[in-house]
Structures are given as C-alpha cells and as structure tokens.
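Read the structure below first, then the notes.
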Amino acid sequence: MPQSELSDGTIREGDPPIPAGRHFLRPSNPSGMSRKEIDRLGVLVYSPLLIGCLNLAVKDCCSADTRNSWPVLAPLLLANAVSVLALFYCLLYFLGHLLNTNHRMSAIGKCSWFLLLLLGHGLTMPIYWYIYIVRDCIRDEKQRDLAKSIHAQDEPLP
C-alpha cells in the first residue's frame with residue numbers, strides 16, 4: 001500500500017508516495033502567514049509595551065494638571081485604546097495558533113504556554129511570537145532555499 005510523509009514526519013497509509021526532496025516544498029508556514037504579515041503581527045505584539053513606555057514618559061515629564069488636560073489626555077486615551085485592541089487581537093491569535101496550528105508542541109507545553117499567555121500576556125506574547133512564528137518562518141525559508149538548491153543540482157546541464 002502506498003505511503004506518504006506528513007509535515008510532522010509521520011507516515012500515512014493510503015496516499016501516493018511523495019517524490020524525494022518534495023517534502024521541502026510543502027507550504028512553509030503552518031499558519032500560512034507571509035513574512036510581511038509576521039512583521040505586522042510583531043508590530044502589534046510590541047505596541048502595548050511601547051504605549052506603556054509612552055505613558056510612563058508622559059507621567060514623568062508632565063505635571064498632573066498638564067496630564068489631565070484634554071490636549072494631552074485625548075491622544076493618550078486613543079493610544080491606550082488601540083493598544084488594548086492590539087493586545088486582545090494578539091492574545092486571541094496566539095491562543096488560536098497554540099491550540100490549532102502548533103502541532104510540534106506537547107500537551108504539557110501547550111498548557112504551560114496557554115497559562116503564560118493568559119496571565120502574563122504583555123510580556124510573554126513577544127516571546128511566543130519570536131519562538132513559534134518568526135523562527136518557524138526562518139527555518140522554513142532555509143528549507144525552501146535548500147530544496148531549491150537541491151533541485152537546481154538535479155537538473156541536467158545543457
């Protein structure tokens with residue numbers, strides 16, 4: 001019976017075999033994100049931290065009366081609202097990625113990351129983003145480049 005290799009390295013019965021070298025050419029990113037989308041997600045992940053630093057800077061440099069005036073308060077409120085929306089979007093995205101897309105992590109690891117993302121989300125989301133999204137994308141790009149070089153060597157010379 002024909003066999004084929006799945007993306008996690010397991011063999012599934014009943015499918016036609018994958019030719020040698022083709023496993024490198026599978027869709028690179030399990031989440032299907034492009035490099036630009038990953039960078040945009042990174043900006044969203046770091047935005048709550050940057051807005052927090054902005055709040056601290058305004059608190060340190062301005063008096064209480066200046067901070068509570070409408071020209072200073074309105075942009076800060078708007079920036080904080082955008083930051084909270086970005087935080088919740090990233091939290092929901094990372095929880096979905098953890099539970100649905102990240103198949104290389106054990107159940108205990110998923111439980112640990114789930115709790116870390118829920119309890120320390122502002123600090124752990126950038127770490128999760130780098131480890132499980134950026135590094136996977138970099139690894140998959142290297143595999144694609146390797147596969148292209150292998151296929152280029154296999155082609156006959158004119």
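The values are calculated or read from the model by the stated rules, or taken from the named source; none is laboratory data. Since the structure is predicted, the reported quantities are computational estimates derived from the model, not experimental observations. Positions of Cβ are backbone-derived with ideal geometry, glycine not excepted, and every protein chain shown enters the neighbour counts. These accessible areas exclude ligands, DNA and RNA; they are computed on the full protein's heavy atoms, side chains included. Shrake-Rupley method; radii C 1.70, N 1.55, O 1.52, S 1.80 Å.
General remarks:
- Test result for Ser34, within 26 Å of Asp145 (Cβ to Cβ) and either at pLDDT below 85 or surrounded by fewer than 11 Cβ atoms within 10 Å (Cβ to Cβ) (or both): yes
- Unique residue being open to solvent by 100 Å² or more (accessible area, probe 1.4 Å) and within 20 Å of the chain's Cα centre (by Cα) when the list is Phe88, Phe94, Phe114: Phe88
- For segment 122-142, the criterion of a residue being more than 18 Å from Met33 (Cβ to Cβ), open to solvent by less than 40 Å² (accessible area, probe 1.4 Å), out of contact with any Ser or Thr (no Cβ under 6 Å at 6 or more places or on another chain) and not hydrophobic (A, V, I, L, M, F, W, C) is satisfied by at least one position.
- Candidates Leu49, Leu54 - the one that is surrounded by 11 or more Cβ atoms within 10 Å (Cβ to Cβ), without any contact (Cβ under 8 Å) to a residue 40 or more places away in the chain and of a type outside the set (Lys, Arg): Leu54
- Index of the failed condition, Leu119 passing every other in (1) under 23 Å from Gly52 (Cα atoms); (2) of a type in the set (A, V, I, L, M, F, W, C); (3) touching a helix residue (DSSP H, G or I) at 6+ places or on another chain (Cβ under 7 Å): (3)
- Of the residues Cys53, Cys61, the single one that is over 21 Å from the mean Cα position of the chain (by Cα) and either of a type in the set (Val, Ile, Thr) or at pLDDT below 90 (or both) is Cys61.
- Candidates Phe88, Phe24: the one that is within 23 Å of Val134 (Cα to Cα), aromatic (Phe, Trp, Tyr) and modelled with pLDDT of 90 or more is Phe88.
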